[in-house]
1. Taking R0 as 45 Å, what FRET efficiency do you get between residue 251 and residue 275 from their Cβ-Cβ distance, rounded to the nearest 0.05?
2. Using Cβ contacts closer than 10 Å as the measure, can you line up 155, 194, 180 from fewest to most?
3. If we count other beta carbons within 10 Å of each Cβ, what is the order of 251, 7, fewest first?
4. Could you list the residues of the stretch 182-207 with an amide nitrogen less than 11 Å from a label point located 7 Å from the Cα of residue 49 in the Cα-to-C-beta direction?
5. Determine Rg/Rh for the chain; Rg is computed over alpha-carbon atoms and Rh is the Kirkwood hydrodynamic estimate from the same atoms.
6. Which longest uninterrupted range of the chain lacks any trypsin sites (Lys or Arg not before Pro) assigned by DSSP to a loop state (not H, G, I, E or B) and surrounded by at most 15 other Cβ atoms within 10 Å?
7. Report the Cα centroid-to-centroid distance between the stretch 77-106 and the stretch 267-287 in angstrom, as an integer.
8. Can you compute the modelled spin-label distance between residue 127 and residue 283, with each label point 7 Å from Cα toward Cβ, in nm?
Amino acid sequence: MASYLGEIAGIATSLFYALNSVFITRAGQQVGATVSNRTRVVFALLYLMVINLVFFGQILPFSADPQRWTWLSLSGFIGLALGDAFLFQSYLTIGPRLGNLLLSLYPIFGALEAWIFLGESLRAGQILGILVTLAGIVWVVFERGNGGEKMPRHMAVGVLYGVLSAIFQATGFVFSKQGMYGTFSPFQGNAIRMLAAMFGLLLIAAFQRQVGQTVTTLRENPSAFRMLMLAGFIGPVLGVSLSLYAVQNAEVGVASTLTSLAPIFMLPISHFVFKEKLNWQAIAGTLLAMAGVAILFLL
């Protein structure tokens, strides 16, 4: 069993990401996606500051050089503030199952951006994985389960939110890769990213004069507040920590695949929690997309 702890951690990562989307969706139905994003980031930063204080002796890595702070701050604002904002909107518009599936596009956008901007090569196996993943997602998105009607406008908007989320998440990942050179701790890097996301979201809220409204909304919805407090721990702390452990203790390709399986866990969760009826195309398309992700990382 000990020899498979990395693989187990990878599977647990996907499960926590799926559960995180449930809490975010439930909270967002009460207070909205914007308030959910702001609140979750604040809680996540507080948790990470405690972790950094315990393990590194300081709440934030103030000794890190300015170049690292710049890249990781950009990564946090683009990936966490903007990327998660569109992701949470997709959860509320088309549901967490399809939102998580569209998020699996981010390795594709990440590979393309790394190829364009960082000069990394695209192998034949990666191209095959991209095509298979796209085929699975297109199959799910354009499935005809209701008599062959055209895609409703709200669903088209939700799909757009999901795609934009994947693009911003991928861009944030590329920037974080630029800032995580050397032996810098991922926990310290994540704290910088979360700090930048929090400041970015709070500045936007202040500009829109919504800070007071955010506090009032949370005060009027204590159950949403509790769910966001839990979501801030399950996703950014537990999920990220387990993903790091998986990468350290399993082959990178295997770990990357196992940490990308949230859409698989969302199939039973969507059925039992959100009472969503799933047809065979939705299940087969999701499995095909996940097979594409596996090919992307393993070949």
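1. The pair residue 251/residue 275 has a calculated efficiency of 0.75.
2. Placing the least packed residue first, the sequence is 155, 180, 194.
3. Least crowded to most crowded, the residues run 251, 7.
4. Taking a point 7 Å out along Cα→Cβ of residue 49, the residues of the stretch 182-207 whose backbone N falls under 11 Å are 195.
5. Ratio of gyration radius to Kirkwood radius for the chain: 0.96.
6. Longest gap between qualifying sites, sites excluded: 1-122.
7. 18
8. Calculated label separation equals 3.5 nm.
No value in this document is a laboratory result; all are computed from the given coordinates. None of the values given here were measured: they were computed from a predicted structure. Neighbour counts are summed over all protein chains in view; Cβ atoms, including those assigned to glycine, are modelled from backbone coordinates with ideal geometry.
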